[in-house]
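Scroll down for the structure; my scribbles are underneath it.
Read-outs throughout are calculated quantities, based only on the coordinates presented, and are distinct from any laboratory measurement. Every value quoted in this text rests on a predicted model; they were computed, and no experiment measured them. Here the Cβ positions follow ideal geometry from the backbone for every residue, glycine too, while neighbour counts run over all protein chains shown.
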Amino acid sequence: MIGTKLNKTMPELPEVENVRRSLEPLIKGKVVSKIEVRYDKIIDGDTVRFCQVLKDKKILGLSRYGKYLLFRFSNGWTVVSHLRMEGHFRLVDKSKSWSKSTHVLWKFTDESVLAYLDVRKFGRMQLVKTGTEFETTGLQKLGPEPGSSSFIFSYFENELSRHRRNIKSTLLAQSVVCGLGNIYVDEILWRSRIHPLSCAKSLPKKQIRTLWQTIDAIIPLAIQKGGTTIRSYTDANGNAGQFQNFLAVYGRSGQKCRRCGTVLVKIKVQGRGTTFCPHCQEVFR
DNA sequence: AGGGCAACCTGCGCGC
DNA sequence: TGCGCGCAGGTTGCCC
C-alpha cells in the first residue's frame, strides 16, 4: 500500500489516454449551452472569449497528444487541456453545489455538466482553431510518442547525443520523447539498469537500445493496465488503474531492489524525487 | 541555445 | 492542540 489518502492524481501519458478513452463516449455529440469559469487562471487567454466561442458548439471527439487532451468542437474549434498534477473531468447531472476545487463547468443542452476539478489549480485549458494546436507553447516542442512509428531508434540515439545533462532530466523534458513523467521515468531507468544521473550523451549504444525498447514497451503496457493509481487517479468512470502493482522503484525507497536485494535510494534530480537501485543501475559519465 | 531553477498551488504529515 | 515547514510534481518563464 503506497498511500492511504485518496486525493491525488498523477496523470502521465497512460493515465491521460485512459481518461480520453473513458471520457469520449460520455461527451461526444453534446452541445454546450453555457460555460462557467469559477477560477480564471485555468483558462489560458481571454476567458470571456473562451465562453462565448464555445456556446452552441458540439463536441465532435476527444483526442490526445502526449499528456494533452484535445477536445474537438464543431466550427473548427479545439480546446487544448493539460491536467498537470491533479486535474480531472467528471460528467455529472445538474448539481446544486460545487466543491471548492471545481473550477470550470461545461453545461450542455441535455442538462448534463462536464466539471473540471483541480485542487492545486495547476491545470490549464486553451481555446485554439483546430489545426493550430501544434503552434501552442505546450505542444510545439513535443517529441514523438512512445510506441508510435516516429519514435525510432536512430532518432532517439541522435537526440540523446545532443544533451549533456543527466538522462532523467532529458526524459522529463518532453522534447526528446513525450508523455513520460516522474513515475514512469524512474521505472524505465530501473528496468534499463541505467542510473538517473548518467549523462545522456555518454550512454553506450547497447544501453540506448535497451532504454528505447523499454520506453516503447512500458507505455503501451501501462495504457493496457489502465494507468497507475498512486492515490486516487481514476478514469472518467471512476475506475482505478492497475499499473501500480508493477512498480519496482517509485514509492519504494528504503525497500529492497527486486533484482538484487540492495536497499533502494531516493535522491533529488531537477527538484524531483528520484528512486533507484545504487547497485544495479549503472552510472555513465 | 541548452540548461538550471524558482514559481505556480494546496493538502498532508511530521517535528516540536 | 497548533503552528511552521517540507514535500508532492508538470510546465513555464526567466536568467546565465
Go through the residues of region A:75-95 one by one and say whether even a single one is surrounded by fewer than 18 Cβ atoms within 10 Å (Cβ to Cβ) and within 16 Å of DNA strand B (Cβ to nearest atom). yes
Any idea which residue in region A:27-71 is surrounded by the most Cβ atoms within 10 Å (Cβ to Cβ), counting only those that are out of contact with any Lys or Arg (no Cβ under 8 Å at 6 or more places or on another chain) and of a type in the set (K, R)? A:K67
Read through the list (1) in a helix (DSSP H, G or I); (2) closer than 18 Å to A:H103 by Cα, then give the number of the only condition that A:N18 fails. (2)
Out of (1) touching a His at 6+ places or on another chain (Cβ under 9 Å); (2) within 22 Å of A:M10 (Cβ to Cβ), what's the single condition that is false for A:T274? (1)
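Given the criteria out of contact with any His (no Cβ under 6 Å at 6 or more places or on another chain), hydroxyl-bearing (S, T, Y), more than 30 Å from A:F243 (Cβ to Cβ) and assigned to a strand (DSSP E or B), does A:S33 qualify?
Here the answer is yes, as A:S33 does meet what is asked.
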In region A:231-285, what residues are polar (S, T, N, Q) and under 19 Å from A:I183 (Cβ atoms)? A:S232, A:T234, A:N239, A:Q242, A:Q244, A:N245, A:S253, A:Q255, A:Q270, A:T274, A:T275, A:Q281
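From A:S81, A:S101, A:S97, which residue is without any contact (Cβ under 8 Å) to a residue 12 or more places away in the chain and either out of contact with any Ser or Thr (no Cβ under 8 Å at 6 or more places or on another chain) or polar (S, T, N, Q) (or both)?
After applying the criteria, what remains is A:S97.
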For the structure I just gave you, tell me whether A:R64 is within 19 Å of the chain's Cα centre (by Cα) and part of a strand (DSSP E or B). yes
Here the residues within region A:249-278 that are within 17 Å of A:S198 (Cα to Cα) and in a strand (DSSP E or B) are A:V265, A:K266, A:I267, A:K268, A:V269, A:R272, A:G273, A:T274, A:T275, A:F276
Could you tell me which residue of region A:177-192 is surrounded by the fewest Cβ atoms within 10 Å (Cβ to Cβ), considering only residues that are under 18 Å from A:K206 (Cα atoms) and hydrophobic (A, V, I, L, M, F, W, C)? A:I188
Quick one: A:D118 ticks every box in (1) farther than 27 Å from A:P14 by Cα; (2) surrounded by 17 or more Cβ atoms within 10 Å (Cβ to Cβ); (3) within 15 Å of DNA strand C (Cβ to nearest atom) bar one, so which box is it? (1)
Return the only residue of A:G143, A:G147, A:G131, A:G181 being under 24 Å from A:G45 (Cβ atoms) and small (G, A, S). A:G131
If A:R259 satisfies every condition in (1) over 15 Å from the mean Cα position of the chain (by Cα); (2) charged (D, E, K, R); (3) under 24 Å from A:E86 (Cα atoms) but one, which is the exception? (3)
In region A:162-178, residues that are more than 11 Å from DNA strand C (Cβ to nearest atom) and under 10 Å from A:L197 (Cβ atoms) total 3
